[in-house]
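Read-outs throughout are calculated quantities, based only on the coordinates presented, and are distinct from any laboratory measurement. Quantities reported herein were computed from a predicted structural model and do not represent experimental measurements. We place every Cβ from the backbone using ideal geometry, glycine too, and count neighbours over all the protein chains shown.
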Amino acid sequence: MITLRNISVKFGGKLAVRDVSAVASEGEFIALVGPNGSGKSSLLKAMAGLIPHEGSTNLPSDRRDRARQISYLAQNAVAPDDHKVRNIVALGRTPHIGRLARISKADQSAVEAAMEKCGISNFADRTFKTLSGGEKTRVHLARTIATDAPLLLADEPVTALDPYYQLSVMEVLRDASREGTTVIAALHDLALARRFCDRVWVMSEGHLLADGTFDKTLTPEILRNVFRITRDGNIAR
Ligand SMILES: Nc1ncnc2c1ncn2[C@@H]1O[C@H](COP(=O)(O)OP(=O)(O)OP(=O)(O)O)[C@@H](O)[C@H]1O
């Protein structure tokens, strides 16, 4: 169980996340939704220990423990252009490899399995710079999956993907949650989120405005007042 207590994130005096308290259970797949600028990325980064925050969590504070416990897929993840795909995915195993130790057979299998799940095995030996945008996203996802951490945080993992890979990546994340990983993914596609996720956290102006099942949470009022759309997907006027 992951517990967030009164998490706040400030940038230059401006609050991007305001007093967020929530819990996530083992094996849950949570959709973190909300309009642009509502604080989703900032909350994920605070959970990943990448930016300073107020409040507390039960996540490990030691950097190495944190790296084993939490894998994080950034919204605009980068990777060395000249590295082979396979080596970038293998970076996901770094927290499990001792200093100066070589990658083990188990690490190697985790890398191969993650590449297979993300549909990138066929270009495992290409350099990163030769890939398309969506292919690069799937490489980053495979690196995140390869870590095999109990908490997976993904910031807009499907935004750059074609319809087939949107579904396929959502399946990969759902499978990870079914195997016991807690997955929290920032998503803009509410229909896709509803189809795959167990629960939704709705962010609005830094607050966690609603937390629950899709039916109870994404009410016509919230769609109108927070997302500025109607239930039919039109602009609310
Ligand atoms: N490094 C930063 N410095 C200053 N302000 C920032 C920084 N990062 C984010 N913000 C501000 O914090 C607020 C929340 O941003 P955040 O990226 O968390 O939103 P988001 O919900 O992930 O948005 P999006 O859907 O557009 O990715 C925004 O007002 C943003 O401008």
Original post:
Can you sort Lys216, Lys45, Lys40 by how many other beta carbons sit within 10 Å, fewest first?
Top reply: Lys216, Lys45, Lys40
**OP:** For the stretch 2-227, give the magnitude of the charge dipole about the Cα centre (Cβ charges: +1 Lys/Arg, -1 Asp/Glu; no others), in debye to the nearest 20.
**Re:** 560 debye
Original post:
Lys/Arg Cβ at +1, Asp/Glu Cβ at -1, dipole of the chain taken about the Cα centre: which of Val183, Ile229, Gly37 is farthest positive-ward?
Top reply: Gly37
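At a threshold of 8 angstrom on Cα-Cα distance, excluding pairs fewer than six apart, so keeping six or more, what relative contact order does the chain reach in percent?
Contact order relative to length: 28 percent.
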Original post:
Given the C-alpha centroids of the stretch 45-93 and the stretch 206-234, what is the distance between them in whole angstrom?
Top reply: 30 Å
Subject >> FRET E, pair Asp189, Ser104, Förster distance 30 Å, beta-carbon r, rounded to 0.05 >> reply: 0.20
**OP:** Note the angle between two axes, namely the Cα long axis of helix 133-147 and the longest principal axis of the Cα atoms of the chain, as a number of degrees from 0 to 90, rounded to the nearest 10.
**Re:** 80 degrees
Original post:
Under 19 Å from a point 7 Å along the Cα-to-Cβ line of Arg5: which residues of the stretch 192-226 have their amide N that close?
Top reply: 208
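Among the listed pairs Lys14/Lys45; Lys14/Lys136; Lys10/Lys84; Lys84/Lys117; Lys40/Lys216, which have their C-alpha atoms separated by more than 28 angstrom in this model?
Pairs exceeding 28 Å: Lys14/Lys136; Lys10/Lys84.
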Subject >> Length added when fully stretched, Asp65-Asp19, from 0.36 nm per residue minus Cα-Cα >> reply: 14.0 nm
**OP:** Distance between Cα centroids, the stretch 97-117 to the stretch 4-35: provide it in whole Å.
**Re:** 32 Å
